[in-house]
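Step one of this worksheet: look at the structure below.
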Amino acid sequence: MSASTNETSFALDGEEKRIFLRIAEVMFAPMPGGDALAALGPRDLDMGARLDQLVAGLSSDADRFALKAMLRACGSRAGGLAFLGRPVALSALGDLELERALLDMLGSDRTLARQCARLLRTLVGVLVAHPLRASDGTPKAQPVWEAMGYPGPLGPPPSTPRRLHPIRVSKASTWTCDVVIVGSGAGGGVAASVLAKAGLDVVVLERGPYKSERDFTHYQDDADRDLYDVRATSDLGLSILSGRCVGGGTVVNYSTALRLPDQVREEWDRETGFQKVFSGRDFTESLEAVSERIGVTTRSSRPAKRDRVIEGAGAAIGGLGWDVGVLARNVRDCPQDERCGFCNFGCRQGAKQSSMRTWLEDATQSGARLVAECEVDRVILENGRAVAVRGAVSTEGERVPLTVFAKSVIVACGAPYTPVLLARSGIRSPALGENLRLHPVTGVWGLFPDEDVSPWGGVMQARIGRDLAALDARGYGVRIESAAVHPAEIAVLQGWGGAYDYKNVLRNARHWVPLAVLLRDRSRGRVRVPRWGPVSYAYELGGVDLRHVRRGIEHAASALAHAGAEEIRTATSRPIVWRPASGEKLASFLARVDAHGYGANQATYGSFHPSGTAAMGSDPKRSVCDETNQVHGVPGLYVMDASCFPTPSGVNPMVTIEAIAHRGARALAASSGRG
């Protein structure tokens, strides 16, 4: 469907916008007699017009329809009955009554109430934090940023020449090659490099745009539009973020470059029934090769304040005695200063050794053809063999058909999308779309009112707490990390405790330290690809995982308390606040968090590391790909991305994905007589 159709058929109507603005007037209420932030309200931020733009930019018509339905429910007596247990429209309540109702919904045991309140909280937070723009798109004065002390982008983008030159497709075309690769991220980029350097004719098709250093404005709304794809699980309880640009997630990740732990490599061989595929020499050689090419190092991991909290716990402050490590990063000549905190919007310095800066350059220099903004809708099978892919390239507002015939097809779309393409191409593996793992991350925030933390600056991640990595005999648990955060993360992930509390959170933005709790999840979800209708992502955390999350929150809160945080807040929909100096014990604080809950739309979860939906294995009933990455029973069709993971990696997965693709591409080159 075209953008113009979205903006008409699925745009919010006047009544739906009125309902939203009524609720926003309470969630971000103007307050007399205070500072400039206190006086601001939704109309000062032009939320009505900006909401239209936000809705038009959602990932699917299904998301737009769901939002319209939820807003309609907020304006109806039936919705009030579902949300509050009484037949009254939320939008008809007075200010104080509506604020109390929203707080009750955020902590409700009614699933629909929590879903609705979280959706409203997220929309308001995004509109509060995203930049204001004039009618021509240029940024305007940012009153919320000024109140937060947020500097915004550190100047305009550099005039760095583009290093890649994707082919423009202006008319319907049919190409031939040896290997066509769908996706250009950690998996597709590596495969393209290995195969092109081996002398094979390679075509790489990427559905996102090509953006390089000169395009990175470091405005979050630009990055969201140009570099990311965001989906939600079917219960709205977890946001799934993926890279959507040439280079994929490697362009926007935090440059954290951790190797797959040896015990997980051994586990993967046991789970798959393979003999030394992951624990053997070939995979080790691939790990070493990709680490060398992308410049993995621990020498460029200067800790910011948020990392020093983790480091202090490692030095046994308060007797914690954490196992703390220095995070390796894939960078060269990294400045390690306040400019680094923006590199999840694209690294302007070119220090991050993303697929765009390494593998794709290698591939194109060896003759590979790269096409950006190409949406592939099908792998073409003939007599059970993959022979081509069919898609369309966006060119000057038109969709131009492109079909590429090849001896081999590699799918590297990422775990949320690879099973969708395979299913729509007629692959009927019983394991396809199963085994969805999300590495959910939640967190804890600490307030240091006497210290200017500037949480958006400095190296993205530099230290990791590992002592809870194996909380059970199977090696599942949590790791503690931190990251640079910008206004949207603060405005959305902090939760909402009422309008006054919310504005106070924003006012103290320079003083917050976030600690992330990254779960290696035992829970499994599923990607559902119906014949008609939208794709959905079903996922629910089980009891063991929820207990592990609780341990992680306890650990992170302890570290912040021992570091001197005056206030500690959970990343829950309705924040739970602990002030250690009040005399309240940690156990009492945790009991209050327990009462609120750790489940969907109770705690705020995100996923940056989805995996497992086309897992490798020896049994076609339990896996999708064999040890060479070829789809069982489909010659010529391969998967080389995080979909291949048999179980969660437990660590940031970029290096593992690249090693899987490197090993698989080497084997494919050898089988083609080019290895």
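The values are calculated or read from the model by the stated rules, or taken from the named source; none is laboratory data. This is a predicted model, so every value here is computed, not measured. All Cβ positions, glycine included, derive from the backbone under ideal geometry; neighbour counts span all protein chains shown. Surface accessibility is based on the protein's heavy atoms, side chains included, excluding ligands, DNA and RNA. Shrake-Rupley method; radii C 1.70, N 1.55, O 1.52, S 1.80 Å.
Listed here are the residues, each with its yes/no results for (1) in contact with a helix residue (DSSP H, G or I) (Cβ under 6 Å, 6 or more places away or on another chain); (2) open to solvent by less than 40 Å² (accessible area, probe 1.4 Å); (3) of a type in the set (D, E, K, R); (4) over 21 Å from residue 505 (Cβ atoms).
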position: 571; (1), (2), (3), (4): yes, yes, no, no
position: 589; (1), (2), (3), (4): no, yes, no, no
position: 606; (1), (2), (3), (4): no, yes, no, no
position: 609; (1), (2), (3), (4): no, yes, no, yes
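Those strands (runs of 3 or more DSSP E) of the range 340-424 in which 3 or more residues are at pLDDT 95 or above, crowded, with 23+ Cβ neighbours inside 10 Å and in contact with a Leu (Cβ under 9 Å, 6 or more places away or on another chain) occupy 374-382, 385-395, 398-411. Of the set (1) more than 23 Å from residue 466 (Cα to Cα); (2) at pLDDT 95 or above, all apply to residue 328 but (1). The residues listed here are 240, 294; of these, the one that is at pLDDT 95 or above and out of contact with any helix residue (DSSP H, G or I) (no Cβ under 8 Å at 6 or more places or on another chain) is 240.
In the set (1) free of Cβ contacts under 8 Å to residues at least 40 places away in the same chain; (2) open to solvent by 20 Å² or more (accessible area, probe 1.4 Å); (3) on the phi > 0 side of the Ramachandran plot, residue 633 fails one condition alone, (1).
Filter the range 35-66 down to the residues that are without any contact (Cβ under 8 Å) to a residue 40 or more places away in the chain and of a type outside the set (A, V, I, L, M, F, W, C), then identify the one that is farthest from residue 496 (Cα to Cα). Filtering the range 35-66 for residues that are without any contact (Cβ under 8 Å) to a residue 40 or more places away in the chain and of a type outside the set (A, V, I, L, M, F, W, C), the one farthest from residue 496 (Cα to Cα) comes out as 53. The residue of the range 190-215 that is most open to solvent (accessible area, probe 1.4 Å), among those that are in contact with a helix residue (DSSP H, G or I) (Cβ under 7 Å, 6 or more places away or on another chain) and assigned to a loop (DSSP other than H, G, I, E, B), is 211. Scanning the range 637-657 for residues that are closer than 23 Å to residue 379 by Cβ and among the small types (Gly, Ala, Ser), we see that the one that is surrounded by the most Cβ atoms within 10 Å (Cβ to Cβ) is 643.
Within the range 135-189, work out how many residues are among the aliphatic types (A, V, I, L, M), touching a residue at least 24 places away in the same chain (Cβ under 8 Å) and either over 30 Å from residue 367 (Cα atoms) or outside any loop (DSSP other than H, G, I, E, B) (or both). Residues flagged as among the aliphatic types (A, V, I, L, M), touching a residue at least 24 places away in the same chain (Cβ under 8 Å) and either over 30 Å from residue 367 (Cα atoms) or outside any loop (DSSP other than H, G, I, E, B) (or both) within the range 135-189 amount to 9.
Output the residues belonging to the range 18-60 that are closer than 13 Å to residue 71 by Cβ, modelled with pLDDT of 95 or more and crowded, with 18+ Cβ neighbours inside 10 Å. Listed by number, the residues that qualify are 19, 20, 22, 23, 24. Out of 648, 620, one residue alone is closer than 30 Å to residue 575 by Cβ, in a loop (DSSP other than H, G, I, E, B) and in contact (Cβ under 8 Å) with a residue 40 or more places away in the chain. It is 648.
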